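Asker: If you scroll down you'll find the structure; I have some questions about it.
The values are calculated or read from the model by the stated rules, or taken from the named source; none is laboratory data. The structure displayed is predicted, hence computed values, not measured ones. All Cβ positions, glycine included, derive from the backbone under ideal geometry; neighbour counts span all protein chains shown. For accessibility, only protein heavy atoms count, side chains too; no ligands or nucleic acids. Shrake-Rupley method; radii C 1.70, N 1.55, O 1.52, S 1.80 Å.
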Amino acid sequence: MREYLLTLCITAAVTYLLTGPVRKFAIVAGAMPQIRARDVHREPTPRLGGIAMFFGLCAGLLVADHLRNLNAVFSDSNEPRALLSGAALIWLIGVLDDKFEIDALIKLGGQMIAAGVMVMQGLTILWLPIPGVGLVALTQWQGTLLTVALVVITINAVNFVDGLDGLAAGMVCIASAAFFLYAYRIWYSYGIEAAAPATLFASILMGMCLGFLPHNMHPARIFMGDSGSMLIGLVLAAGAISITGQIDPDAMNLFSGSERNTVHQTVPVYIPLLLPLTIIAVPAADLVLAIVRRTWRGQSPFAADRGHLHHRLLEVGHSHSRAVLIMYFWSALIAFGALAFSVNSASMWIVLGIAALSAVGLVLLLLPRFTPRAPRWAEHLVPPRYRRRRVALAAEAEAAVASVAYEEPTSHEKAAQEREEGVREHRPPVTTGVPGVNGATAIGPRARFLEGRKAESSR
């Protein structure tokens, strides 16, 4: 665990330190597109944040390769090299898109090629544990198609949800944290070394997101762009593929005891089928709804619009920060709920807890304009926007003073005001200075001073 945490910290530190220079480079390179109709931000913001995240990924893999225990991941498996190859390709495509806005079909082809590169190097789904059927071996073509489909869906789901400051990085960080705990449990509790690559990928992905989030929280100073969103989507998919189709469930020795115990014990075998879907449940739902909405309107599925879930939260009345936190909440509930169910599927408390938290999430959705009010003794500890009591009292006092100070003018005063306004309308405008000159320098017509000087000189 110490080596995983060290890898996470190194990745986060490298990503955090490189994001500032990358921001300056993006500004110099002109990777600051104009504000589009679907954008939420109001000022041009540089992209190319994926450059810092990619170098953080490289630093994490390099450090893990030199650690005593994690070095076995590189010697026993080719998956880290497969991940680095696919990540480099998808990152390059994302950088070109952030700078030159390449076509959506070209990006889709690049995503499929990156997935194919990983498949060629051994990062593919070999078998699937099907409930009620058992372990089903896949042919080479079936495994390749399923792997490519999972990579493309995950990349586009993360890319679609990247619409608010800190949203995509935070949601992927939450998902990778739940995935790390699950993969570490499979590796440590059951002693299955095949789960080590997925655990490493999840720790590196958390470091990439944590290092980038301080620069990307609202108001964001830099965006990750497609170079970052597609990169973290690919790393997330790589971890899911590694632990879903590379681990033999028979190695867990779960099929013993009574039938009821066997059913409960084999839940960790089937969770890999669900966990890759739960960790991207919110982005995947947004992706499906976007495709249905755009095709229903006769548009291309890749046509951009303002109908995503985060856009709808803003339209309902939630603030930018609150919309992001609500998306965080639902992602954490789904991911960690599936993780808790995999640990103890027989506990009714887990089901009740998930149901209660779901009700809390629905209440938060229905209260878009709710602002918590701090008690009087804690008002100096919270931001000014939560000190509603003092603000309301101050507003009432100002309104009372204004109402007392204002007096209705009499009829004679009104007539005098009307006569004065009529005189002002008939007066010719008084111009001072030279037209077109700033008021700070136009103190008078300069022509007469020049004439005077000429006359004096002629004398």
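Asker: Could you tell me the calculated FRET efficiency between Arg68 and Val292, based on Cβ-Cβ distance and R0 = 41 angstrom, to the nearest 0.05?
Answerer: Details: r = 50 Å, r/R0 = 1.23.
Efficiency at R0 = 41 Å is approximately 0.20.
Asker: Can you work out the FRET efficiency for the pair Met1 and Met348, with r the C-beta to C-beta distance and R0 = 30 Å, to the nearest 0.05? It would help to have the intermediate numbers written out before the result.
Answerer: Details: r = 31 Å, r/R0 = 1.02.
Calculated transfer efficiency: 0.45.
Asker: Once you sort the root eigenvalues of the Cα gyration tensor of the stretch 71-157 as a ≥ b ≥ c, which label holds: rounded (a/c under 1.5), prolate (a/b larger than b/c) or oblate (the other case)?
Answerer: In terms of gyration-tensor shape, oblate.
Asker: Taking the Cα-to-Cβ direction at Tyr188 and at Met217 and moving 7 Å from each Cα, how far apart do the two end points lie in nm?
Answerer: 2.7 nm
Asker: For Arg376 and Ser319, what does the FRET efficiency come to when R0 = 25 Å and r is the distance between their Cβ atoms, rounded to the nearest 0.05?
Answerer: Values: r = 24 Å, r/R0 = 0.97.
Efficiency for this residue pair is about 0.55.
Asker: By how many nm would the segment from Met120 to Ala13 grow when fully extended, if each residue of separation counts as 0.36 nm and the alpha-carbon distance is taken off? Can you show the working numbers first?
Answerer: Values: separation 107, 0.36 × 107 = 38.52 nm, distance 3.18 nm.
That works out to 35.3 nm of additional length.
Asker: Sorting Ile153, Ile102 by accessible area (1.4 Å probe), largest first, what list results? Could you put the intermediate results ahead of the total?
Answerer: Numbers: Ile153 85, Ile102 45 Å².
Sorted by accessible area, descending: Ile153, Ile102.
Asker: Rank by packing, highest mean first: peptides 14-20, 197-203, with packing defined as the count of other Cβ atoms within 10 Å averaged across residues.
Answerer: Details: 14-20: 20.6, 197-203: 28.7.
Most protected by this proxy first, the peptides run 197-203, 14-20.
Asker: Related question: If eta is 0.890 mPa s and T is 25 °C, what Stokes-Einstein diffusion coefficient results for the stretch 1-130, Kirkwood Rh from Cα pairs, in µm²/s?
Answerer: It diffuses with D of about 145 µm²/s by this estimate.
Asker: First check a/c for the stretch 117-211, with a ≥ b ≥ c the square roots of the eigenvalues of its C-alpha gyration tensor; if it is under 1.5, answer rounded, and if not, answer prolate when a/b is larger than b/c or oblate otherwise. Show your work: numbers first, answer last.
Answerer: On the way: a/c = 2.06, a/b = 1.34, b/c = 1.54.
Cα axes put the stretch 117-211 in the oblate bin.
Asker: Given a 1.4 Å probe and heavy atoms of the protein chains only, how would you sort Lys107, Lys99, largest accessible area at the top? Working shown, then result.
Answerer: Values: Lys107 35, Lys99 80 Å².
Of Lys107, Lys99, the descending order of accessible area is Lys99, Lys107.
Asker: Order Glu101, Glu79, Glu3, most accessible first, counting only protein heavy atoms with a 1.4 angstrom probe. Each step should come with its number before you reach the end.
Answerer: On the way: Glu101 95, Glu79 10, Glu3 40 Å².
In descending accessible area the options line up as Glu101, Glu3, Glu79.
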